[in-house]
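Student: Pasting a structure here, questions to come.
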Amino acid sequence: EEHWVIRRWTASELSGNTWVGVQWNVRKQNLANAGVTGALHVNGVRVQSAAIAGNDGVGVTQTYWAVAKPTDVFDLILSPVAPDGAVEDWSDGSRTWMVVTATADTDGDGLPDAWEEIYFPGDLTKLSGGGDYDADGLKDLAELERGTDPTKPDTDADGLVDGVETDTGTYVSPTDTGTSPIRADTDGDGRIDGDEVN
């Protein structure tokens, strides 16, 4: 038997397409067993996920940015799947929360103001959807979509610029490493991605 917990937000309160930031957290409260997985789904498609160890009382907090339509459905799920893939934990020993914040794009650059304010408080001129502020090969809009820092060429400090870390899981070349731009050791083997690629 698998017990899943689902927390749902429907965007029906929006009057039209609107930038939203969906911040969510999953953590263990009963610090036992193998662990759980939290994931955000938009219209039934998983867009973010994180596995939480059984002894992790802090958990993971992530933010997903999207242009939400009034017909969109956002689900935060909590499943008994542990980091090692075992399905033996109890969802009722864990906690979740989700906060959805609507934000404008007042300068019309394709980026939500709230996201730009994280990096440059009070200044919407530094970043733009088609720009590449940190010159790492990723446009600022792609940085938002991948969850990387538009002010740092190497968000995870693994020795590879964000633009080459395509997060596909498959190494193609030094310009398409397949590694994650937000995890320094994508495969969790103890060696950072830059060392493996170089």
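The values are calculated or read from the model by the stated rules, or taken from the named source; none is laboratory data. Just so it is clear, the structure is predicted and the values come from calculations on it, not from any experiment. With ideal geometry, Cβ positions are generated from the backbone for all residues, glycine too; neighbour counts draw on all protein chains shown. Note: areas computed on protein heavy atoms with side chains; ligands, DNA, RNA excluded. Shrake-Rupley method; radii C 1.70, N 1.55, O 1.52, S 1.80 Å.
Student: Estimate the FRET efficiency between GLU145 and TRP4 by the formula 1/(1 + (r/R0)^6), using the beta-carbon distance for r and 22 Å for R0, to the nearest 0.05.
Tutor: Working: r = 27 Å, r/R0 = 1.22.
Efficiency computed from Cβ-Cβ geometry: 0.25.
Student: Let me ask something else. What does the charge dipole of the chain about its Cα centre add up to, to the nearest 20 debye, if the Cβ of each Lys and Arg holds +1 and the Cβ of each Asp and Glu holds -1?
Tutor: 840 debye
Student: Mind checking the log10 I(q)/I(0) for region 45-198 at q = 0.18 Å⁻¹? Debye, one equal scatterer per Cα, no solvent, two decimals.
Tutor: For region 45-198, the Cα-only Debye profile gives -1.21.
Student: Let me ask something else about it. Given a 1.4 angstrom probe, I'd like the percentage of the accessible area of the chain that is carbon and sulfur, rounded to a whole number.
Tutor: For the chain, the apolar C and S fraction of the accessible surface comes to 50 percent.
Student: Could you give the length gained by full extension between ASP195 and THR101, i.e. 0.36 nm per residue of separation minus their alpha carbon distance, to one decimal place?
Tutor: Values: separation 94, 0.36 × 94 = 33.84 nm, distance 3.87 nm.
This chain segment gains 30.0 nm when fully extended.
Student: Just the accessible area for ASP109, please: 1.4 Å probe, Å², rounded to the nearest 10?
Tutor: Rounded to the nearest 10, that gives 30 Å².
Student: With θ set to phi - 60°, apply the Karplus curve 6.51 cos²θ - 1.76 cosθ + 1.60 along region 72-84 and write out the HN-Hα couplings as whole Hz, x wherever there is a Gly or Pro.
Tutor: Values per residue, Gly and Pro as x: 6, 10, 10, 10, 9, 10, 10, 10, x, 8, 7, x, 8 Hz.
Student: With a cut-off of at most 11 other beta carbons within 10 Å, and DSSP calling the residue loop, which chymotrypsin sites (Phe, Trp or Tyr not before Pro) in region 52-139 qualify? Please list them.
Tutor: Working: sites: TYR64, TRP65, PHE74, TRP90, TRP97, TRP115, TYR119, TYR133; in loops: TRP90, TYR133.
Of the chymotrypsin sites (Phe, Trp or Tyr not before Pro), not one in the loops of region 52-139 has a Cβ with at most 11 other Cβ atoms within 10 Å.
Student: Would you give the gap between the C-alpha center of region 56-101 and the C-alpha center of region 1-52, rounded to a whole Å?
Tutor: 3 Å
Student: Most fluctuating residue of THR103, THR63, THR175 in a GNM of the chain with Cα springs under 10 Å: which is it?
Tutor: THR175
Student: Now for a different question. Obtain the nm distance between the two label points defined at PHE120 and LYS152 by a simple spin-label model: each point lies 7 Å from its Cα along the Cα-to-C-beta direction.
Tutor: That separation, rounded to one decimal, is 1.9 nm.
Student: Something else now. Would you pull out the residues with amide H under 5 Å of THR61's amide H, same chain only if 5 or more places away, H placed 1.01 Å from N?
Tutor: Sorted by chain and number, the residues that satisfy this come to none at all.
Student: Got a sec? What order do SER128, SER79 fall in by accessible area at 1.4 Å, biggest, i.e. largest, first?
Tutor: On the way: SER128 45, SER79 5 Å².
Highest to lowest solvent-accessible surface, that is SER128, SER79.
Student: May I pose another question? Send over a whole-number figure in Å² for the accessible area per residue of region 106-194, probe 1.4 Å.
Tutor: On the way: 4360 Å² over 89 residues.
That works out to 49 Å² per residue.
Student: A further question on this structure: Sum up the charges of everything whose Cβ sits under 9 Å from the Cβ of TRP19, counting Lys and Arg as +1 and Asp and Glu as -1, but leave TRP19 out.
Tutor: Numbers: positive: none; negative: ASP105, ASP113.
Local charge sum for TRP19: -2.
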